[in-house]
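Only the coordinates and a few stated rules stand behind these numbers; no lab work does. Since this is a predicted model, take the numbers as computed values, not measurements. When we count neighbours, we look across all protein chains shown, and the Cβ atoms used for this are built from the backbone with ideal geometry, even at glycine.
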Amino acid sequence: MKLPIISGGEVIKIRLKKGYYIRNQKGSHVHLRHPEKIPVTVPNHKVISKKTLNSIVKATGLNESDFE
């Protein structure tokens, strides 16, 4: 899957639609939780690096349709 160039805010919005909720925030890092899935931390930056986005995708099970 080719990862898009995306901001932290956009990733957070996608995760909130999928059942995650914001647990807390420390600086620019937002901690998201889900009742059944593992927690994930998303940096709320203008652009998320490819490596970080790849880690978030693997941890939360995002797919291409989620980015549309």
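Count Lys and Arg as plus one, Asp and Glu as minus one, and take only other residues whose Cβ is under 12 Å from that of His31; the net charge is then +4. Per the Kirkwood formula applied to alpha carbons, the chain shows a radius of gyration over Rh ratio, Rg over Rh, of 0.92.
The slack between Ser28 and Ser49, meaning 0.36 nm per residue of separation minus the straight C-alpha distance, is 6.1 nm. Structural descriptor for the range 2-68: relative contact order 33 percent, calculated from alpha carbon pairs under 8 angstrom and at least 6 residues apart.
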